[in-house]
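Inspection log for the structure reproduced underneath, given as structure tokens.
Nothing in this text is a laboratory measurement; each read-out follows from the coordinates by a stated rule. Note that the coordinates shown come from a computational prediction; the quantities given were computed from them, not determined experimentally. All Cβ positions, even for glycine, are placed from backbone atoms using ideal geometry, and neighbour counts span all protein chains on display.
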Amino acid sequence: MLLHKVVSGSPKDSDCDIEHPDLVAINDQRLPETWASMSEEDFAKSKFFHYTPSAIGYTQVFKDKDGSPLKEMLSIHFFWFDFDKTGIAVVSDYWGGKVKYFRFGCDHDFHEVYDGVLRGRCLHTYECKKCGSRHTVDSSD
Ligand SMILES: [Zn+2]
């Protein structure tokens with residue numbers, strides 16, 4: 001797979017050990033089940049501009065989500081954010097002179113959880129209602 005870990009902001013040329021069903025699909029040159037288009041505005045407001053990706057990759061995709069052939073091959077640059085197991089992809093339409101934006105992974109629906117663990121006044125834990133992903137935020141900054 002042409003997927004490279006990002007270490008200290010620079011791509012590292014090595015095999016990637018991040019495992020996720022969506023990355024397996026992309027490695028198989030197939031669109032992941034969670035593949036969805038984003039508007040340019042959604043992309044501009046996305047985590048792409050707020051977080052450093054854990055891995056980046058480039059591939060050509062020939063198959064749709066169900067494995068059937070796409071009408072046209074997609075040339076995909078993708079960015080994986082391992083902290084929430086999601087990705088963002090940019091797809092070039094060379095002949096049309098356009099760029100399209102996509103996301104994949106869970107479309108998280110986070111809500112704050114109180115599990116009885118005292119974490120301090122400024123630590124808040126959130127859990128996704130769809131996939132169960134959890135993260136804790138320190139709001140004291
Ligand atoms: Zn989720």
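Structure values in brief
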quantity	calculated
For 73, 38, order by how many other beta-carbon atoms lie within 10 Å, fewest first	73, 38
Cα-based Rg and Dmax for the chain, where Dmax is the largest Cα-Cα distance (Å)	16.9, 56
Extension gain, residue 44 back to residue 125 (0.36 nm per residue minus Cα-Cα distance, nm)	26.5 nm
Positive dipole terminus of the chain, leading residue within 99, 113, 36 (C-beta point charges)	99
Most positive-pole-ward Cα, 69, 132, 87, against dipole of the range 69-141 from beta carbon charges	69
Loop-resident sites, the range 97-137, for trypsin sites (Lys or Arg not before Pro), counting at most 16 other Cβ within 10 Å (DSSP)	119, 121, 129, 130
Reachable lysines, given that their alpha-carbon falls under 23 Å from the alpha-carbon of residue 85 and they are not under 8 places away in the same chain	5, 12, 45, 47, 63, 65, 100, 129, 130
Magnitude of the charge dipole, the range 3-105, Cβ model with Lys/Arg +1 and Asp/Glu -1, debye to 20	220 debye
Förster radius 35 Å - calculated FRET efficiency between residue 27 and residue 109, Cβ distance, rounded to 0.05	0.80
